[in-house]
Amino acid sequence: MNKDAENVDIHILLGRITRQEGRTDQSMAHYQKATSITPDNFTANYDLGMLYMDAGKPEAAIEYLKKSLSMRRYINGMFRLARAYDAIGKKTQAAYYYNQFLNRAKPVNPELLIDFDPCKTPEDIVVTLEERLKNHF
């Protein structure tokens, strides 16, 4: 067996290259191979989650974005996970991760903060957050 076939870094690199070339299926295959070799690789999980989001598959993205967040509380991961939950209509989970994102973004973008009224529904919170975020991303 070729030793490179089991090298997680090579699969991540090939995943990035094939993604940039627009070869989504091949990119997914490389990232999936990377996560099968090293299931706890932050980069492979995060990049695969992002790739699934870009491919319009938020349900699949959630698994990998959550896994990447379990390894590193990455602010972009919180935002992307919120977007994935929002895309499939899970407003409570989306609101939770938007809130996590905003708590971390606080020092950088204080204008994004909202007062979380406990009487607001998760749907109202998501709408408010989306309105504030769309001008920043």
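Of these, Ile125, Ile62, which one is modelled with pLDDT of 95 or more, among the β-branched types (Val, Ile, Thr) and either assigned to a helix (DSSP H, G or I) or crowded, with 22+ Cβ neighbours inside 10 Å (or both)?
Details: Ile125 fails: modelled with pLDDT of 95 or more.
The match here is Ile62.
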Residues being outside any helix (DSSP H, G or I) and in contact with a Phe, Trp or Tyr (Cβ under 9 Å, 6 or more places away or on another chain) - total across segment 65-100: 2
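Please determine, by comparing only the residues of segment 67-89 that are of a type in the set (D, E, K, R) and buried (at least 17 other Cβ atoms within 10 Å of the Cβ), which one is nearest to Leu51 (Cα to Cα). Please lay out each step first, then the result.
So the first thing to find is which residues in segment 67-89 are of a type in the set (D, E, K, R), and the list is 67, 72-73, 80, 83, 86.
Then drop every residue that is not buried (at least 17 other Cβ atoms within 10 Å of the Cβ), which leaves 67, 80, 83, 86.
Working: Lys67: 14, Arg80: 11, Arg83: 13, Asp86: 17 Å.
Across segment 67-89, the extreme among qualifying residues is Arg80.
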Residues of segment 10-28 being in contact (Cβ under 8 Å) with a residue 12 or more places away in the chain and more than 13 Å from Ala55 (Cα to Cα), which ones? His11, Ile12, Leu14, Gly15, Arg16, Thr18
Out of Ala87, Ala60, Ala29, I need the residue that is over 26 Å from Leu102 (Cα atoms) and among the small types (Gly, Ala, Ser). Which one? Ala29
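The values are calculated or read from the model by the stated rules, or taken from the named source; none is laboratory data. Predicted model only: the values in this text are computed from it and were never measured. Backbone-built Cβ (ideal geometry, glycine too); neighbour counts: all protein chains shown.
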